[in-house]
Amino acid sequence: MDSIRIRGGNALNGTIPVSGAKNAALPLMIASLLTDDTLTLENVPHLADVEQLIRILGNHGVDYSVNGRRENQDKGYSRTIHFTARSIVDTTAPYELVSKMRASFWVIGPLLARRGEARVSLPGGCAIGTRPVDLFIDGLRALGAEIDIESGYVVARAKNGLIGARHRFPKVSVGATHVLLMAAALAKGETVLENAAREPEIVNLADCLNAMGAKISGAGTATITVQGVTSLSGARHRIIPDRIETGTYALAVAMAGGDVLLEGARADLLESVLEVIEQTGAEITRANTGIRVRRNGAGVEAVDVTTEPFPGFPTDLQAQFMALMTRARGQSRITETIFENRFMHVQELARLGARISLSGQTAIVDGVGQLKGAPVMATDLRASVSLVIAGLAAEGETQVNRVYHLDRGFERLEEKLSGCGAEIERISA
Ligand SMILES: CC(=O)N[C@H]1[C@@H](OP(=O)(O)OP(=O)(O)OC[C@H]2O[C@@H](n3ccc(=O)[nH]c3=O)[C@H](O)[C@@H]2O)O[C@H](CO)[C@@H](O)[C@@H]1O
Ligand SMILES: C=C(OP(=O)(O)O)C(=O)O
């Protein structure tokens, strides 16, 4: 298994291009199941999760072709991909495929809407909590689906099609909002979703569905209205820049020091994060070409953070922010409210000399003067990159093992960081 070796201590200076958002690309690719026409997606990041989803969609009958690679760019850069689901050849999403990636469970929405049936394995994904699927099941039942759990599979049927309804999510869920949007797009009549997720990836999906002929309004607010249509067409749609990747590199600069332009980043997708980073003492400039992050020799201030659904501070940046706080002057309290088990990075950061204690859902971080390099183990996607950030500022060598997690969500991470002066390399097993 590959690992990443970092020699810490270098400041980051230069430009990092921001890739297309993984968490927008996945639902958008799944939306290709809703039409027999071609859905063309631009700016699809080259990631293990995208490759895995291509395999899963292929199993249902989705053909794909890749083009649009920018000149002088090699394998591994964001691409334009055409997806065509001329016919759905299989409505079962098997355990072997779905268990590797949680978002693949979301095929249940379009399969049910287009074919009136779906048999989808209960999902896997990052080990950050129990992550049930009750909100999906309740929502699809509200649209008239009959749902049973059989041998680890969610079996859903709507022989006469789905029927629009008013549905209030008892809890905000990004995935359940994606799925209900896709299902309601082809349901009969009007669907009103209340307490919907407001994440930018939801807006990106709704914009794409509308370009395909759906009638969706209110995406980006807590109440989304969908007027069902009988069929959807193809479209061409661009994936938004990755706000989690943006925040990750912004935190890396705040940690290591330096001056970096995050090219193509959109500040409006992560204002709450940028404000927190400014409070830590880094300077943020919102420019037309991206976001510039600077930190000179000054110390890092301690800031308290609580994760929340958008527009609050994202759980997907909690681990990276904790890495920064290990170097802060004083104590910071980081409270995780989205996932009950998302502190796996705490013990690994401790190997580098961090002082962190847990009290329920809050991590109390006492800043230390200097981290020291050590071998560490990546436990999930964002935890992995938090260890990279810590390694960039640690004295000596840090080896991050089990980096396949990183490859799920960060396009060309080593290349982007070494291009800004970091001493970082992949060691292939
Ligand atoms: C591929 C993708 O986009 N993944 C993101 C998505 O995950 P995902 O869509 O899985 O996360 P959700 O928003 O659904 O989860 C939020 C909370 O709701 C709970 N829940 C969810 C569904 C359900 O049926 N029942 C239930 O109780 C979850 O366990 C969690 O505690 O949003 C998360 C929250 O921003 C991010 O961390 C993930 O990176
Ligand atoms: C938790 C994440 O992904 P997933 O929902 O696919 O597990 C993530 O992107 O940080």
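The values are calculated or read from the model by the stated rules, or taken from the named source; none is laboratory data. Bear in mind the structure is a predicted one, so any value in this text is a computation, not a measurement. Neighbour counts run over all protein chains shown; Cβ positions are idealised from the backbone, glycine included. All accessible areas refer to the heavy atoms of the entire protein, side chains included, with ligands and DNA or RNA removed. Shrake-Rupley method; radii C 1.70, N 1.55, O 1.52, S 1.80 Å.
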Using a 1.4 angstrom probe and counting only protein chains, how large is the accessible area of Asp242 in Å², to 10?
10
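Under the rule of -39500 (n - 2.57) per DSSP H run of 4 or more residues, summed and divided by the residues of the chain, what mean residue ellipticity at 222 nm is obtained, to the nearest 500 deg cm²/dmol? Before the final figure, lay out the partial values.
Working: 14 runs with 130 residues, N = 429.
Rounded to the nearest 500, the figure is -8500 deg cm²/dmol.
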Which one of Ala394, Thr289, Val229 has its Cα pushed farthest toward the positive end of the charge dipole of the chain, where Lys and Arg give +1 and Asp and Glu give -1 at the Cβ?
Val229
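The stretch 273-348: which GluC sites (Glu not before Pro) are DSSP loop and have at most 13 other beta-carbon atoms within 10 angstrom?
Details: sites: Glu275, Glu278, Glu283, Glu301, Glu336, Glu340, Glu348; in loops: Glu336, Glu340.
Of the GluC sites (Glu not before Pro), the ones in loops of the stretch 273-348 whose Cβ has at most 13 other Cβ atoms within 10 Å are Glu340.
Only four residue types carry charge here, +1 at the Cβ of Lys and Arg and -1 at the Cβ of Asp and Glu. Report the dipole size of the chain about the Cα centre in Debye, rounded to the nearest 20. Don't skip to the end; give the middle numbers.
On the way: 45 positive and 48 negative charges, 58 e Å.
Its charge dipole is roughly 280 debye.
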DSSP beta bridges in the stretch 292-411: the antiparallel percent, rounded to 5, is 55
Toward the positive end of the charge dipole of the chain, about the Cα centre and with charges on Cβ (Lys, Arg +1; Asp, Glu -1), which of Val172, Ile4, Gly353 goes farthest?
Val172
